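Heads up: the structure comes next, in structure tokens.
The values are calculated or read from the model by the stated rules, or taken from the named source; none is laboratory data. The structure displayed is predicted, hence computed values, not measured ones. Here the Cβ positions follow ideal geometry from the backbone for every residue, glycine too, while neighbour counts run over all protein chains shown.
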Amino acid sequence: MKILIIGGGGREHSLLWALSRSHRRPKLFVAPGRAGMSSLATVVPITPLSIDSLVSFAETEKIDVTLCGPSAPLYGGLADAFTRAGLVLIGPSSLGALLGGSRCFAKAVMARLGIPTPASKVFWEPQDAKEYVRKASHPLVIKTDRRSDRNTVFLPSGPEEALQVVDGLVEMGLFDRAGRSILIEDRVVGPEVTILCLSDGHTVLPAATATEYRVSDSGSTESPPRSKALRPSGALACETLRLGSKVGAISPSPHVDETAKTAIVEKILNPVLSGLRSQGIVYRGFLGARVVLASSGPSVLGLHVTLGDPLAQTLLPRLKTDMVEVLTALGDERLGEITLNWDRRAAACLVLTRSSRSDGPTRTVDISGLHEIEEADLWVCQEETGVAQGRTLACGERVLSVTALGHPLTQARKRVYEGVSGIRFDGMGCLADLGAEVVPTRS
């Protein structure tokens, strides 16, 4: 069996690890991959957005199943192109992918289906947005419609900062681009959980829960989920906080049990997929919901159409079911035959980042300690790395992800911090308080 993974980060590396453990011993390909993935798969130099080239490669190699890691190719019609060619690709069509690509589309779908989500308004003109902000008497979140836009989610402390955000987006030319809008949403506070499911268009199969952590671009690595955000670096010249990238995750989430997870799937994910089917959109792939557990009940902050990063690196080490069997059943619309079994141990994942301020974002630096950590029963996945003369190099700001298993979660947390302590590269940083909410407080 031949399987193609599209992408080149930690998520794709973790997928290759999971697939390589299958008793079916598939032949694996990854495009474009990383040099550090060559021991698991044939590295193919095709970028994720080169849709015609990917289709041609899959046809020539007679690929049985293709899985797309990043979301941008799905927005651009990758699944549609594979379907037209008679190829199996795990991922939604361009219409289904709008759930992740357009926040306004996702909000409209959820509003139509009565799915709980923070109240919001869409604005196409900056003056209308500013008038709304001036009248608001409660905390707001400002989001660009498209996730592909830079500086996409802002947490202004009040009306004055909210006005600065809108002015900054005007200066960036966001409103000058065709089809661009912003979403202004009521801010809802509470612990977060990520609920992921698989869908073959008919059956919905929930995965294990997780809680993901974000960090600021300013270099702070101590922010718990949604407790802090980051200051924009570059185009938006105001001091408003902006949500940063995900740099850690734990599974299962300590904030929900199986009963609560089932209720969220039944009240949120199932209705979304049923609603798409009623519109003639058959959704095949991963669908995730970022849910805030507010005092008034669960509320959806966003939907995602791929297996995220570092969500993949956190869930897949716990998955005991053969991943090849899962993908095959998903592609053949036989997902109802599959049961997902999970390791009783918890998983803790840290993303090791590199500060661009230390030596510039383009210079590569050596990574040491990888050989020792790979022998310590930890999952090490490469994000932005390279290889030169047998040395592994850090080539970007998001370098490695490391995952440990342990029971209980505090043990997994302890193991992952012990593991990353042996890795070294210039400018290295990681989240300082991963899973801190599960650590007992000493009196």
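Numbers for the structure displayed
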{"read-out": "Residue in region 94-111 that is assigned to a loop (DSSP other than H, G, I, E, B), modelled with pLDDT of 95 or more and outside the structural domain of Ala263 (by TED's automatic domain parsing) present", "value": "no"}
{"read-out": "Scan of region 387-435 for residues that are exposed (fewer than 13 other Cβ atoms within 10 Å of the Cβ), of a type in the set (Gly, Ala, Ser) and either in contact with a helix residue (DSSP H, G or I) (Cβ under 8 Å, 6 or more places away or on another chain) or not in a strand (DSSP E or B) (or both), ordered by number", "value": "Gly390, Ser421"}
{"read-out": "Test for Val170: is it of a type in the set (Val, Ile, Thr), under 26 Å from Ser296 (Cα atoms) and over 27 Å from the mean Cα position of the chain (by Cα)", "value": "no"}
{"read-out": "In region 16-43, residue surrounded by the fewest Cβ atoms within 10 Å (Cβ to Cβ) [restricted to those that are in a strand (DSSP E or B) and of a type in the set (A, V, I, L, M, F, W, C)]", "value": "Val43"}
{"read-out": "Criterion (under 21 Å from the mean Cα position of the chain (by Cα) and either modelled with pLDDT under 90 or assigned by TED's automatic domain parsing to the domain that holds Met37 (or both)) met by exactly one of Gly396, Gly360, Gly390", "value": "Gly396"}
{"read-out": "Any pair with Cβ under 7 angstrom, 6 or more apart, that starts in region 411-426 at a residue that is within 14 Å of Leu370 (Cα to Cα) and in the same structural domain as Thr364 (by TED's automatic domain parsing) and ends at one that is among the polar types (S, T, N, Q) and buried (at least 22 other Cβ atoms within 10 Å of the Cβ)", "value": "Val416/Thr403"}
{"read-out": "Condition check for Leu287: within 23 Å of Leu15 (Cβ to Cβ) and touching a helix residue (DSSP H, G or I) at 6+ places or on another chain (Cβ under 9 Å)", "value": "yes"}
{"read-out": "Contacts under 6 angstrom Cβ, first residue in region 283-311 being assigned by TED's automatic domain parsing to the domain that holds Arg398 and under 16 Å from Val193 (Cβ atoms), partner among the hydroxyl-bearing types (Ser, Thr, Tyr) and buried (at least 23 other Cβ atoms within 10 Å of the Cβ), 6 or more apart", "value": "none"}
{"read-out": "Count of region 323-333 residues which are modelled with pLDDT of 95 or more and either within 22 Å of the chain's Cα centre (by Cα) or not assigned by TED's automatic domain parsing to the domain that holds Phe286 (or both)", "value": "5"}
{"read-out": "Single residue of region 225-261 satisfying the filter (part of a helix (DSSP H, G or I) and either at pLDDT 95 or above or of a type outside the set (Val, Ile, Thr) (or both)) that is surrounded by the fewest Cβ atoms within 10 Å (Cβ to Cβ)", "value": "Glu258"}
{"read-out": "Residue check, Ile46 over 23 Å from Arg284 (Cα atoms), more than 19 Å from the chain's Cα centre (by Cα) and at pLDDT 95 or above", "value": "yes"}
{"read-out": "Selected residue [assigned to a loop (DSSP other than H, G, I, E, B) and out of contact with any Phe, Trp or Tyr (no Cβ under 7 Å at 6 or more places or on another chain)] from Ile373, Ile268, Ile281", "value": "Ile281"}
{"read-out": "Cβ pairs under 7 Å, 6+ apart, first in region 341-352 and at pLDDT 95 or above, second surrounded by fewer than 17 Cβ atoms within 10 Å (Cβ to Cβ) and part of a strand (DSSP E or B)", "value": "Arg345/Gly406; Ala346/Gly406"}
{"read-out": "Pairs where the first residue, in region 163-177, is under 14 Å from Arg146 (Cβ atoms) and the second is modelled with pLDDT under 80 and among the hydrophobic types (A, V, I, L, M, F, W, C), C-beta under 8 Å, 6+ apart", "value": "Leu169/Phe175; Leu169/Leu236; Met172/Ala235; Met172/Leu236"}
{"read-out": "Residues located in region 112-150, provided they are hydroxyl-bearing (Ser, Thr, Tyr) and over 24 Å from the mean Cα position of the chain (by Cα)", "value": "Tyr132, Ser137"}
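Conditions (1) modelled with pLDDT under 90; (2) crowded, with 18+ Cβ neighbours inside 10 Å, marked per residue:
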| residue | (1), (2) |
| --- | --- |
| Lys135 | no, no |
| Leu140 | no, yes |
| Arg150 | yes, no |
| Glu160 | no, no |
| Leu169 | yes, yes |
| Asp186 | no, no |
| Val193 | no, yes |
| Asp200 | no, yes |
